[in-house]
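Worksheet for the structure shown next.
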Amino acid sequence: MNIFENHKIKNSLQIKSSCKFYVEINNKNEFNDLHVFISNKKLPVFILGEGTNIVPPEYYDGIIIKPLFNNIKYLNETNIVSVGASINWHFLVKEMVSKNIYGFENLSLIPGTVGAAPIQNIGAYGQEVSNLINKVDCFNYETGKFVTLTKEQCNFSYRDSSLKKGNLIIFNIDFKTDSINRLNLDYKSIQTYLYQNKIDSNSLNLDSVSDIVCKIRNSILPNPDEVPNAGSFFKNPIIDKNKINTDHFSLDRLIIWDIDSVYVKVGAARLIQLIKNDLINDNNIKIYDKHALVLITNSETSQTNILEYANQIKSKVFEVFNIPLEIEPTIIPN
Ligand SMILES: Cc1cc2nc3c(=O)[nH]c(=O)nc-3n(C[C@H](O)[C@H](O)[C@H](O)COP(=O)(O)OP(=O)(O)OC[C@H]3O[C@@H](n4cnc5c(N)ncnc54)[C@H](O)[C@@H]3O)c2cc1C
C-alpha cells in the first residue's frame, strides 16, 4: 500500500484537483491495512479509476483509493476470464476480440477501467457490460470484509447498479466468455454506417465490428486526451410520455424510444440541442458541436463552474419540456 499526501486527482475534464490522501492498493493482502488506515483517519473515501466519469472538487479533504490490479486470467473449464480492476477497458475489448470472444466489440473505445465498468453498467451501440458479467469481487472498506456479488446482486439497469451506493472497492471481475455467439449489428448508427459505406454485414467479424464502432465514436465524440470532457454529461431520461410539455416543440421533434405503454426513454442530446441557444455562455465550458450531451472544457474550469453550467441546462430543459435531467458522471463531494 502506497500512501501519498496532497496528491493530484486525475480527471478527463482536466479540473485542477487534489486530495488529502491518495492510497494505491497493489494486492488483496493490503486491504486489511487499508481498513485500519480508513478507520483511524475518519475521513470520507472515494475510489478512483482513470477519472473519465467524475467531476472532482478543487480539494478533496478525504482519502482517494486507487486499486492497482492488473491481472487477466483465463479459466477455460468454466468459460470465464477473470480481470483485475485497473486494466484499461478498451485494452480488454481488444484482448477479447483477438481471442474471438463475442460480446465486448460494441463496447470498444469506452474510456476508463474494468473496475468502473459495472458501476454505471457501461453501455453503447446496443450492448451493456451487465450482459457479460459473471461476478464482481469487492472489499468493503467500512466493514473490512471481502464480498463477492453475482450479476443478479448487482441489480443492473440503465446506467445504474447497486454498486454505486455501496462502500465497495471492486478489485476483480469475472466475465463470461460464452454468453454471446453472434455479432450485434442492430443499433441504428451501425446500420447507417454499413449502408453508407456499402458494407455487407456477412463480411464482418469481431475485429471489423470493433473497428467500425471506433470509427463511429471517433466521428462524434471528442478524445478526452485532446479535448477535456467526461463523455455524456446527462442520462437519457425515462419518463411518462403524457407528462412531456409539447407547447414549444411537438413530440416528433424529439427522439423517443418506447419502454412500455406509459414510459419512454427520451434522447437528452436532442433536448439540449433544442434549447442550447437560450443558454448563457460560459468562457470555459461548451456543448460539443458534434454531440450535445458532451460538455467540453478548456481545462481552466472548476467543479462549481461545471455544475453551474449543467444546472443551467437542467433548468432550461425542465422549463421547456417538463423533463428532469440527471447528471451522469459522479460528483465527488467538496
Ligand atoms: C469520451 C468519453 C466517452 C464515454 N463513452 C461512454 C459510453 O459510451 N458508455 C458509457 O457507459 N460510458 C461512457 N463514458 C463514461 C466512462 O467511460 C465510464 O463511466 C467508465 O466506466 C469510467 O471509468 P473510469 O475508470 O474512468 O472511472 P472513474 O471516472 O475513475 O470513476 C467513475 C465511478 O466509478 C467508481 N469506481 C471506479 N473504479 C472503481 C472500483 N475499482 N471500485 C469501485 N468503484 C469504482 C468511482 O468511484 C466513480 O463513482 C465515456 C466517457 C468519456 C470521457
query = Somewhere in region 212-224, is a residue free of Cβ contacts under 8 Å to residues at least 40 places away in the same chain and open to solvent by 20 Å² or more (accessible area, probe 1.4 Å)?
reply = yes
message = On the basis of being within 21 Å of Ile122 (Cα to Cα) and open to solvent by 20 Å² or more (accessible area, probe 1.4 Å), does Asn197 make the cut?
response = no
key: Contacts under 6 angstrom Cβ, first residue in region 105-122 being outside the structural domain of His90 (by TED's automatic domain parsing) and under 15 Å from Glu328 (Cα atoms), partner within 6 Å of the ligand (Cβ to nearest atom) and among the small types (Gly, Ala, Ser), 6 or more apart   = none
key: Residue within region 103-121 that is more than 11 Å from the ligand (Cβ to nearest atom) and surrounded by fewer than 23 Cβ atoms within 10 Å (Cβ to Cβ) present   = no
Some residue of region 307-315 being on the phi < 0 side of the Ramachandran plot and outside any helix (DSSP H, G or I) = no
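Would you tally the residues in region 212-264 being over 21 Å from Gln191 (Cα atoms) and over 21 Å from the mean Cα position of the chain (by Cα)? I'd like the intermediate steps shown before the answer.
First pass over region 212-264, keeping only residues over 21 Å from Gln191 (Cα atoms): 222-253, 259-264.
Now narrow it down to the ones that are over 21 Å from the mean Cα position of the chain (by Cα): 239-253, 259-264.
Number satisfying all stated conditions: 21.
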inquiry  = Looking only at region 123-143, filter to residues that are assigned to a strand (DSSP E or B) and open to solvent by 50 Å² or more (accessible area, probe 1.4 Å); which one of those is nearest to the ligand (Cβ to nearest atom)?
reply    = Glu128
note = Of (1) farther than 25 Å from Tyr102 by Cβ; (2) surrounded by 18 or more Cβ atoms within 10 Å (Cβ to Cβ), Gly267 fails just (2)
key: Residue identified as in the same structural domain as Asn6 (by TED's automatic domain parsing) and either open to solvent by 50 Å² or more (accessible area, probe 1.4 Å) or over 15 Å from the mean Cα position of the chain (by Cα) (or both) among Glu58, Glu77   = Glu58
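The values are calculated or read from the model by the stated rules, or taken from the named source; none is laboratory data. None of these values were measured; they are calculated from a predicted model. So basically every Cβ, Gly included, is an ideal-geometry build from the backbone, and we count neighbours across all protein chains shown. Note: areas computed on protein heavy atoms with side chains; ligands, DNA, RNA excluded. Shrake-Rupley method; radii C 1.70, N 1.55, O 1.52, S 1.80 Å.
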